[in-house]
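The values are calculated or read from the model by the stated rules, or taken from the named source; none is laboratory data. This is a predicted model, so every value here is computed, not measured. Here the Cβ is made from the backbone with ideal geometry for all residues, glycine too, and neighbour counts use every protein chain on show. In case anyone asks, the SASA skips ligands and DNA or RNA and just uses the protein heavy atoms, side chains included. Shrake-Rupley method; radii C 1.70, N 1.55, O 1.52, S 1.80 Å.
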Amino acid sequence: LALVNRELSLNIFEKGHSLKTKPMENDNTMISGDNMFRELSKCKNAELKEVDFNIRHHWPPSLVPPEKGKWIVIQPWEFGSLPKQWARKFESDVDEMWVPSSYVKNVYVNSGVSEDRVFVIPNGINPQKFNPEIKPYKLRSKKKFKFLFVGGTIYRKGIDILLDVYLKTFKSGDDVCLVIKDLGGDSFYNGRNMKEEILKLSNNKELAEIEYIDFLLDEKELAGLYTACNVLVHPYRGEGFGLPILEAMACGIPAIVTNGGAALDFCSEKTNLLVEANKIVLEEKRIGEFETVDFPWLFEPSKEDLKKKMIFALENLERIKTLGNDAAVYVKENWTWQHSYSKLENRLKELHKKPIRRSFAYAAIMESEELIEAGKLEEAKNVLSEILNRDENNIDALNNLAVVEISLNRIQTAADIITKVIGLDPQNEVALNNALFLKEKLEAIIN
């Protein structure tokens with residue numbers, strides 16, 4: 001998240017916008033090397049005369065609205081259905097939500113967030129730092145062919161699938177090595193990764209070779225790690241984007257990757273090897289502490305197909321090189337941080353024309369819906385009446401009030417409200433559905 005924030009902030013700053021960056025954790029960053037980073041550091045906790053936009057991208061997300069300016073949330077989510085609390089707050093108060101992939105956008109929309117306020121602002125790469133000409137990182141392994149995994153060694157990223165397939169497919173005498181670059185074991189994935197298990201496997205000389213790296217690499221070393229290997233393997237169950245896949249491609253290294261979800265925005269059979277996967281719906285509407293709108297789900301990559309793709313990569317080195325070369329060209333032409341910023345800038349221009357979303361009306365409407373769901377109809381009516389006292393033509397409030405009146409069997413009052421809404425907006429889908437429901441209810445009463 002910090003990497004994304006840094007790159008987007010750099011582009012905003014370079015274009016001459018007034019910018020304030022606010023660390024959300026203890027900030028021990030040492031600014032060195034790049035002059036632009038030193039300039040960007042001046043924006044930390046800077047004073048702004050006016051605030052047009054608040055862009056938030058951190059974990060966990062804060063649901064407290066900012067004091068000033070339009071509220072933009074960048075928030076990936078990998079599990080198929082949004083946390084219920086997020087969906088309500090995003091829909092009621094947040095001006096726009098920016099997500100890194102079309103997969104995450106679909107998760108938002110399917111969770112009840114208005115599609116016209118969810119926009120894909122993809123992640124990117126710096127082609128000066130990630131390209132096929134980067135000097136390879138010096139690995140301990142002397143094996144000829146090297147598979148690479150970069151990311152947290154956690155369930156969601158499919159590391160258990162990769163280890164199982166790799167160790168059952170290849171033997172100690174094979175000229176292959178699996179290089180694992182673990183991330184976040186001492187911070188955001190602390191206590192959840194497979195470090196201890198992987199270390200035991202890597203020390204077992206009777207198994208196919210594994211080289212495990214869990215210390216920090218700078219960007220130059222990370223790019224060199226990609227160019228030191230032949231193919232990235234990332235059989236994820238859930239991803240919001242999959243930045244290591246894009247970085248590897250930029251360095252001329254194709255990926256063996258799950259055929260589903262976020263990475264398909266930039267991965268295809270023209271540049272990668274795709275692994276068959278099934279959608280697995282979880283049994284409870286919950287991910288950890290978060291209650292979700294619907295049943296969350298993940299992908300389950302096929303171990304048999306992953307095995308085939310890994311063997312193919314090993315036995316078809318020229319084809320792998322061709323895929324990698326094509327991937328590097330494609331990423332450089334379409335997936336840089338400059339491409340990301342151009343989409344961001346367009347959204348700021350459009351959003352600047354609109355009023356701030358969070359207001360009494362939006363918050364009150366969401367409150368009324370919660371009251372209706374809880375069966376507290378008279379309380380919901382009081383909330384809606386207060387909205388309509390301020391804005392008698394608020395269509396969302398009128399539609400909710402119609403639902404209340406129908407539930408209270410006040411048929412004529414409900415009909416009058418629905419008629420008013422249709423008069424204001426003849427194509428309003430909610431009002432038309434309410435009218436149809438009211439008609440069916442009247443027919444049932446007559447019969």
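Table for the structure above
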read-out: Spin-label proximity, ASP164 to the range 290-331 - amide N less than 17 Å from point 7 Å beyond Cα toward beta carbon; value: 298-310
read-out: Within the accessible area of the chain (1.4 Å probe), percent carbon and sulfur; value: 49 percent
read-out: Theoretical gain in end-to-end length, GLU289 to GLU197 [0.36 nm per residue, Cα-Cα removed]; value: 30.5 nm
read-out: Dipole in debye (nearest 20) - the range 102-221, about Cα centre, beta carbon charges: Lys, Arg +1; Asp, Glu -1; value: 280 debye
read-out: Two-site label geometry, LYS22 and GLU370: point separation in nm, points 7 Å out along Cα→Cβ; value: 2.3 nm
read-out: Efficiency of FRET from Cβ geometry, ALA2 and ARG140, R₀ 22 Å, rounded to 0.05; value: 0.15
read-out: Loop-located GluC sites (Glu not before Pro) in the range 130-212, at most 12 other Cβ atoms within 10 Å (DSSP); value: GLU133, GLU206
read-out: Whole-angstrom gap from the range 304-336 to the range 414-441, using each part's C-alpha centre; value: 55 Å
read-out: Calculated on alpha-carbon atoms, Rg and Dmax of the range 323-387 in Å; value: 22.7, 65
read-out: 222 nm mean residue ellipticity, helices alone, for the chain (DSSP H n ≥ 4; -39,500 (n - 2.57); rounded to 500); value: -13500 deg cm²/dmol
read-out: Prolate/oblate/rounded label for the range 29-150 (Cα gyration tensor, a/c 1.5); value: oblate
read-out: Base-10 log of normalised Debye intensity for the chain (one unit scatterer per alpha-carbon) at q = 0.07, 0.08, 0.12 Å⁻¹; value: -0.45, -0.57, -1.06
read-out: The chain - share of DSSP beta bridges that are antiparallel (%, nearest 5); value: 20 percent
read-out: Candidates ILE372, ILE74, ILE320: whichever shows maximal mean-square fluctuation once the chain is modelled as a Gaussian network with Cα springs under 10 Å; value: ILE372
read-out: Charge dipole magnitude, Cβ of K and R +1, D and E -1 - the chain, Cα centre, debye nearest 20; value: 1380 debye
read-out: Heavy-atom surface of the range 158-256, accessible at 1.4 Å and reported per residue (Å²); value: 38 Å²
read-out: Per-residue ³J(HN,Hα) for the range 225-236, Karplus 6.51 cos²θ - 1.76 cosθ + 1.60, θ = phi - 60°, Hz, x for Gly and Pro; value: 5, 4, 6, 7, 10, 9, 7, 8, 10, 9, x, 5
read-out: Crossing angle, helix 429-446 versus the chain [Cα axis fit, 0-90 degrees, rounded to tens]; value: 50 degrees
read-out: Burial order of peptide ranges 247-254, 80-87, 215-222, 266-273 (average beta-carbon count within 10 Å, highest first); value: 247-254, 80-87, 266-273, 215-222
read-out: Solvent-accessible heavy-atom area per residue, rounded to whole Å², over the range 1-155 at 1.4 Å; value: 53 Å²
read-out: Quotient of Cα Rg and 2.2 N^0.38 Å for the range 96-226, N being how many residues it contains; value: 1.30
read-out: Per-q log10 I(q)/I(0), the range 237-368, q = 0.09, 0.20 Å⁻¹ (Debye; single scatterer per alpha-carbon; no solvent); value: -0.44, -1.11
read-out: Whether the range 108-170 is rounded, prolate or oblate, judged on the alpha carbon gyration tensor where a/c under 1.5 counts as rounded; value: oblate
read-out: Among VAL165, VAL430, VAL231: highest mean-square fluctuation, GNM of the chain, C-alpha pairs under 10 Å; value: VAL430
read-out: The range 137-294: translational diffusion in µm²/s, Stokes-Einstein, Kirkwood Rh over Cα pairs, 37 °C, 0.692 mPa s; value: 200 µm²/s
read-out: Peptides ranked, highest mean first, by Cβ atoms within 10 Å: ranges 397-406, 140-149, 285-294; value: 397-406, 140-149, 285-294
read-out: Using alpha-carbon coordinates, inclination of helix 317-334 to the longest axis of the chain, degrees; value: 40 degrees
read-out: Helix 395-407 vs. the chain, principal-axis angle (Cα, 0 to 90°, nearest 10); value: 70 degrees
read-out: Shape of the range 302-435, Cα gyration tensor, a/c cut at 1.5; value: prolate
read-out: Top positive-direction residue, dipole computed over the chain with Cβ charges, set LEU274, VAL109, ASN203; value: ASN203
read-out: Full-extension gain in nm, GLU318 to ASP175, via 0.36 nm per residue minus C-alpha separation; value: 49.8 nm
read-out: Net length gained if the chain between ALA46 and LYS303 were fully extended (0.36 nm per residue, minus Cα distance); value: 87.4 nm
read-out: Spin-label pair ASN409/LYS332, simplified geometry with 7 Å Cα→Cβ offset, distance in nm; value: 7.4 nm
